[in-house]
Every structure is written in structure tokens, then in C-alpha cells.
Amino acid sequence: MSADQETLAPAKIHVGGATINVRFGAGKLDLPRAAVLDWITTAARAVSAYFGRFPVPNPKILVRPAEGRSGVFWGTTWGFNGGFTRISVGQQTDQRELNGDWMMTHELVHMAFPDVEGEDREHHWIEEGMATYVEPIARCQIGNLSIERVWGDMARYMPQGEPEPGDQGLDNTHTWGRTYWGGALYWLMADIQIHQQSGNRKGLQDAMRGIVAAGGTIDHDWPIERVLQAGDRAIGCTVLADLYRRMKNAPVEVDLNDLWQKLGISVDGHTVTFNDNAPLARIRKAITVPRKPAQVEATKHGAAEADQ
């Protein structure tokens, strides 16, 4: 192997009750190895905080350096080998880009949900929508993303998930917008409805923790009905199943402008302001408030063990 194709040493990161095995593909990174391990650790802490623990005990991550590029890209997560994420990091990536990255957290969130795609990938939206919706909230709960950024981005991008002419519901419409943001819209509406029906005592986070506690993680194949049943059991109502029945085969449109107003969210360019007197302001606050999980502490990069 030439000097230009040297491979960084593997490592083990301990976080949320899990041991994450990190390997690097051949190639160089301008950033030090410790910075990349810190980036992974932060993402894993966010996921552990949201779900109460890291979803699977021994996941694997392969980081592939990409010569002559910058940024994070080509992230994919599978259920084999107890959960496996492959992600590329450009050789020229700087610390600012790692600090602002969302993809590592998005991919690790996938580990907290079973494979429910089905033969025709008709349920792919519920997996991608879940990761799209949960990722910024999880990062916010550990202080890695501002509340203004969470709600500002949702207000800007959620309209991409609305049904367009010819839409036949989330199970039957597989465009990019409906898969990612239409799925996220399902989870947003579920989160709000759970808070409403529980008197703001429970939210989607409780449902998601219930799914993980029941064994619904990336290394298992479940029918979608089992997933929704596990989540609904944890919250004591049938919000997830009821909303799925409404949205799976019909183009349900949400009046997002009205919803943002009720949540007390106003976006003007890059400025996001909140109205705490809005009807759903208490729910908006509850969605992003940190909850104490069983274990979210992680080793710092200096304590990450090189797997020699």
C-alpha cells in the first residue's frame, strides 16, 4: 500500500451503552483522526439522548476518505452485522463542515427503526421521514443545534413533503419530497397529536423509545403494523396507527402556514422568532426539551480505544 493510500487505525467508541466499532477506508484526511471520532461520538450521543440509549449494542461504521473533495456524503445504513453505516468524508473537509454536518446523525438514527420497506419499498418513507424529523431534534437536545435552526429548517423545507397533483398517499407515491419530507410531515403531525392527546405529558420520543425497547431496531425486519402498534402501546393511544390509515393511500394536505402560527413559529429570511402565547407553544417547547436518558455519556476522543 502506498503512502498516499495509508489507512487510519480503527477505534472503538463507547456511548449510550453501546460499543461502536469504527473503521477507515484507504486514503488520507486533512483533519486529524481524533476530530472524526469526535464527530461520530457527538452524533451517537444525540441518538442515545433521544432514544434513551444507543439502539443497538455493537454497530459498525466505515468512514471512507474521498480524495480531492470536502464535506460529508453518501451515507447509507443497513441492518446486517448488528447495524452497519458506511459514510464518505472528503479529504479536504474542515472542522466547520464536520460541526455543521447532519448526515452522521441521520444515519445513526436509522439504527433505531426496523426494516419495514416491503417488497415494493412502499414504506421507505416512514424510515426516511423518521430520520429526517428526529435528527435535528436529537441534535438540539444535546446542544448541537439551536432551537431556532430546528424550527426554521422545518418551516422552510417541510412544504416539500406536501402532496402534489396525482399523489396517491405515502405508500404509493415515491418521489424524493414525499419520501423524506412527506415522511417527516407524518412524524411531525404524530408528535403534535400525541402531545395533544396526552395533555403534553408524552410525545413521539416516548413512542420511539417504546419501539426500540420492544426490539424494533435496524437489525430486525418488522411489518409496519407491528412498528406502529409498539409505538402506540408506549404512549397509550393509537395516534401512529390512526394517522397512518389516513395518510397511506390518500393525499392528505396540511395547512403548514396555520400550523406554524399555532406553534408560534415565524420565519423572516434567516431570522426565526417564537410566540410563546400561541395555542401550541407549549407543545413546541416540549418537543425539543432534553429528557434524561439512562446513559448518554461517551468517551472523549482521547479515551477512544484504538483497535490495534
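Worth a mention:
- Proximal lysine pairs, the chain, alpha carbons under 29 Å, eight or more residues apart or interchain: 17
- Relative to one another, the C-alpha centroids of the stretch 226-298 and the stretch 73-142 are positioned 20 Å apart.
- Here the relative contact order of the chain, from alpha carbon pairs under 8 Å that lie six or more residues apart, stands at 22 percent.
- Two numbers describe the Cα atoms of the chain: Rg and Dmax, which are 19.4, 63 Å.
- Among L170, L263, L204, residue whose mean-square fluctuation peaks in a GNM of the chain (springs only between Cα atoms under 10 Å): L263
- The packing ranking of peptides 150-163, 272-285, highest mean first, is 150-163, 272-285, where packing means the average number of other beta carbon atoms within 10 angstrom of each residue.
- Each peptide in 61-71, 232-242 gets a packing score, the mean of other Cβ atoms within 10 Å over its residues, and the list from highest to lowest is 232-242, 61-71.
Since every read-out is calculated from the coordinates, none of them should be taken as a lab result. None of these values were measured; they are calculated from a predicted model. Cβ atoms come from the backbone with ideal geometry, glycine included; neighbour counts cover every protein chain shown.
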